[in-house]
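Data block below; observations after.
The values are calculated or read from the model by the stated rules, or taken from the named source; none is laboratory data. For clarity, every value in this text was computed on a predicted model and none was experimentally measured. All Cβ positions, even for glycine, are placed from backbone atoms using ideal geometry, and neighbour counts span all protein chains on display. These accessible areas exclude ligands, DNA and RNA; they are computed on the full protein's heavy atoms, side chains included. Shrake-Rupley method; radii C 1.70, N 1.55, O 1.52, S 1.80 Å.
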Amino acid sequence: MPFREVNSKMVEATVLPGQRMFSQRGAMLAYRGEVSFTPNIQGGQGGVMSMIGRRLANEATPLMTVEGSGTVLFGHGGHHVQVINLTGDTLYVEADRLLAFDGTLQQGTMFLGSQGGVMGMMRGQVTGQGLFTTTLKGHGAVAVMAHGGVFEIPITPQRPVHVDPQAYVAHHGDVRNKLSTALGWRDMVGRGSGEAFQLELSGNGAVYVQASEEKL
């Protein structure tokens, strides 16, 4: 595993010659060895479209390419860090929650409206979260950030999971998302997330939920 959890707010990554990883700008706390950090204007392996997706979502968080030989300590803002290991499936995660990830993972951008329809688009306008979600696919590890810790909830066909959109961190598996409201339109005026909105996740997989509704 390329990431070793030092504590709940810090991970150590091993950087090997000929390999690379990507991290959020400002995530490097310390390093040992011959390691370089260079801005990646292409937006990782997602290319220009991935970068455009983050720009449209007001997520101006250019990635840093990490290469060389040594070890790096990653952390950011004192946030809780959770390591997620992918074995060929796709992880959907808000771009601003990404701390670092393997360069072997293929990065892309998914428009939430493609799964949630009009209500999926409402998520970005009403709850303050981005309309675009970053996708990471393949075999490798991802370190994500959250407030107050992360809890993994299994999703099964018989038991869909409803999550407060502000508490959502990431999900993976064969999962569909749909934003619904528990209140009428008149009741929603002036409200944000909380009980007014519910992100329904159904299928097979898991969702990661943070212990706080605070945005990063």
Query raised in the report: In nm, to one decimal, how far is the modelled label at Thr104 from the one at Gln19, with both set 7 Å along Cα→Cβ?
Result: 0.7 nm
Requested in this report: Any chance you could run the full-extension gain for Ser212 through Phe151? It's 0.36 nm times the residue separation minus the Cα-Cα distance, nm to one decimal.
Outcome: 20.8 nm
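What percentage of the solvent-accessible surface of the stretch 129-169, computed with a 1.4 Å probe over protein heavy atoms, is contributed by carbon and sulfur atoms?
58 percent
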**Report entry** Pairwise label distance in nanometres, Arg159 with Arg4, each label 7 Å out on the Cα-Cβ vector
**Finding:** 3.5 nm
